[in-house]
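Asker: Could you have a look at this structure, given as structure tokens, before my questions?
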Amino acid sequence: MFEQVIFYTLAAVIALFSILAVNSTKLIRSAVYLLFVLLSTAGLYLLLGYYYLFAVQIAVYAGGIMVLFIFAIFLTHKPNEKIKPEPIKQRLAAMVLSLAGITFCAAVILQNITRVISLSTKEISTKELGITLMGTEKFQYLLPFEAVSILLLACIVGAIMIARKRN
């Protein structure tokens with residue numbers, strides 16, 4: 001019963017701060033709301049007993065990525081500058097693309113649900129998890145990991161270039 005209360009509390013915090021992060025007109029507040037979402041997600045990992053993912057969530061996302069976001073915000077915008085709302089056409093296009101992405105993710109999940117259920121009966125060690133994340137074989141994730149690191153590097157370089165053009 002106590003675990004359910006914690007789960008629903010964390011879920012409510014994630015939902016609330018996700019909405020606030022998207023709807024906030026101040027960039028720094030959006031980043032702080034996103035930080036609360038990431039910390040609450042770490043709380044879910046802790047509740048599930050995934051201590052390794054809890055530590056990674058805190059160290060990588062709540063620590064590193066949030067610092068990157070805040071640096072990008074300071075380099076590209078004035079911190080207290082209000083964001084103008086996007087035109088309705090862009091909002092509608094974003095909603096359609098978001099729904100397409102959700103549909104695609106749901107299709108992938110539904111297609112692979114049997115494999116996940118068969119794995120859930122076996123306890124996965126930290127060593128196996130590390131090999132899966134950094135391996136180059138089928139169903140291992142080194143390539144996506146490196147692609148995300150290149151994307152983050154491109155974001156940093158882009159933020160620096162935008163900041164340089166203003167001065």
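The values are calculated or read from the model by the stated rules, or taken from the named source; none is laboratory data. This structure is a prediction, so every number in the text was calculated from the model and none was measured. Cβ sites come from the backbone with ideal geometry, for glycine too, and all protein chains shown count toward neighbours.
Asker: Checking the condition surrounded by fewer than 16 Cβ atoms within 10 Å (Cβ to Cβ) and either assigned to a helix (DSSP H, G or I) or under 13 Å from the mean Cα position of the chain (by Cα) (or both), which residue from S40, S18, S30 passes? Explain how you work it out, then say what you get.
Answerer: Details: S40 fails: surrounded by fewer than 16 Cβ atoms within 10 Å (Cβ to Cβ); S30 fails: surrounded by fewer than 16 Cβ atoms within 10 Å (Cβ to Cβ).
The conditions single out S18.
Asker: Identify all residues within the range 43-71 that are surrounded by fewer than 14 Cβ atoms within 10 Å (Cβ to Cβ) and of a type in the set (V, I, T); write none if there are none.
Answerer: Result: V60, V67.
Asker: For Q4, are the conditions met, namely being closer than 30 Å to E123 by Cα and either over 19 Å from the mean Cα position of the chain (by Cα) or touching a residue at least 60 places away in the same chain (Cβ under 8 Å) (or both)?
Answerer: yes
Asker: Checking K122 against (1) basic (K, R); (2) under 29 Å from L153 (Cα atoms); (3) modelled with pLDDT under 75, which test does it fail?
Answerer: With respect to (1) basic (K, R); (2) under 29 Å from L153 (Cα atoms); (3) modelled with pLDDT under 75, K122 is out only on (2).
Asker: Moving on to the next point. Take the range 55-96 and flag every residue that is over 18 Å from L35 (Cα atoms), part of a helix (DSSP H, G or I) and either touching a Leu at 6+ places or on another chain (Cβ under 7 Å) or modelled with pLDDT of 85 or more (or both).
Answerer: Listed by number, the residues that qualify are I88, K89, Q90, R91, L92, A93, A94, M95, V96.
Matching residues to (1) at pLDDT 85 or above; (2) of a type outside the set (D, E); (3) in contact with an Asp or Glu (Cβ under 9 Å, 6 or more places away or on another chain); (4) surrounded by fewer than 10 Cβ atoms within 10 Å (Cβ to Cβ):
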residue	(1), (2), (3), (4)
A100	yes, yes, no, no
E128	no, no, no, no
L133	no, yes, no, no
N167	no, yes, no, yes
